[in-house]
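Before any comments, here is the structure.
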Amino acid sequence: MSTASSPQAQSLASVVVVDYGLGNLRSVTRGLERAGADVEITDDPDAFATADGVVLPGVGAFREGVENADPLREDLLEVAESGTPLFGICLGMQMLLTTSEEGDTDGESAVQGLDLIPGTNVRFAEGQKVPHMGWNELHVQREHPLVEGVDGNYAYFVHSYYAAPDDEHATVATTDYGREFPSIVANEAGTVFGTQFHPEKSGETGLQILRNFVEICAES
């Protein structure tokens, strides 16, 4: 399955949005197009290999996401190994980590994420309202091209679990919700990264993030 979007008059980069059955693909695509990308929605690994960047979107449960994407696991790992920028959004970001408390319940065997950013996704503590839903502030913790121009801006969140990377340096930005949690993470090379929030629903802040991503893709 492969759906090409209308071409940009001045496309800065070609971006693939991974279609594995979960995620608001159309709104992500529209946001990326506004940011200057030529976007293709597909589950074709050949398209991953030729794109300037790959987006792994996602909404829903960790187990369902990992199981749906499992046929593409090796292809996504190859994207990361090649140095092509790989951008996980919301559940897609959580899937970049090793595992999740969400996929480890009811006596079922734990499901493994992509393990590109080692760590675990954990549930907000008892007493905190879940899901964390609505606008909240981004606090940039270290330099990364994805966060140029967004420190102190607000983004839109909907989630009950958050990333807890093994390496604290993997945290690019944090957000406070009863506790401070990583809202943007990246691997050591800086080419695999993700946002817990939805940039496609985050107004000008989200558009800036998507522009930054497209620029990363154009320069890679």
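Values quoted throughout were computed directly from the atomic coordinates according to the rules given, and no laboratory measurement underlies them. Remember, predicted model here, so these are calculated numbers, not experimental data. Here Cβ is always computed from backbone atoms with ideal geometry, including for glycine, and neighbour counts include all displayed protein chains.
Under the rule a/c < 1.5 gives rounded, and otherwise a/b versus b/c splits prolate from oblate, where does the stretch 166-220 land using the Cα gyration tensor?
Cα axes put the stretch 166-220 in the oblate bin.
Give me the net charge for the shell around His139: Cβ to Cβ below 12 angstrom, other residues only, Lys and Arg +1, Asp and Glu -1.
Net charge around His139: -3.
Expressed in nm to one decimal, what extension gain is obtained for the pair Arg142 and Glu204 from 0.36 nm per residue of sequence separation less their Cα-Cα distance?
Here the answer is 20.2 nm.
Report the antiparallel proportion of the DSSP beta bridges in the stretch 53-194 as a percent, rounded to a multiple of 5.
Working: 20 of 28 bridges.
Of those bridges, close to 70 percent are antiparallel.
Using just the helices of the chain, give the 222 nm mean residue ellipticity in deg cm²/dmol: DSSP H runs with n ≥ 4 each add -39,500 (n - 2.57), and the total is spread over all residues, rounded to 500.
That calculation yields -7000 deg cm²/dmol at 222 nm.
Can you grab the distance from the C-alpha centre of the stretch 50-107 to the C-alpha centre of the stretch 174-220, Å, no decimals?
Distance between centres, Cα-based: 15 Å.
So for Val140, Val55, fewest C-beta neighbours within 10 Å to most, what's the order?
Least crowded to most crowded, the residues run Val140, Val55.
Check each of the trypsin sites (Lys or Arg not before Pro) in the stretch 125-220 and keep only those in coil by DSSP with at most 15 other C-beta atoms within 10 angstrom; list them in order.
Listed in order of number, the matching sites are Lys129, Arg142, Arg179.
What FRET efficiency would be calculated for the residue pair Gln112, Ala49, taking the C-beta separation as r and a Förster radius of 22 Å, to the nearest 0.05?
Plugging the Cβ-Cβ distance into 1/(1 + (r/R0)^6) gives 0.40.
What's the exposure ranking of Leu116, Leu32, going from fewest to most Cβ atoms within 10 Å?
Ascending Cβ contact count within 10 Å gives the list Leu116, Leu32.
Taking 0.36 nm per intervening residue step and subtracting the Cα-Cα distance, what contour gain separates Ser27 from Val59 on full extension? If you can, show how the numbers build up before the last one.
Working: separation 32, 0.36 × 32 = 11.52 nm, distance 1.25 nm.
10.3 nm is the gain from fully extending Ser27 to Val59.
Taking the beta-carbon count within 10 Å as an exposure proxy, list Ile216, Ile89 from fewest neighbours to most. Spell out each step's value before the answer.
Numbers: Ile216 21, Ile89 27.
Ordered from fewest to most neighbouring Cβ atoms within 10 Å, Ile216, Ile89 come out as Ile216, Ile89.
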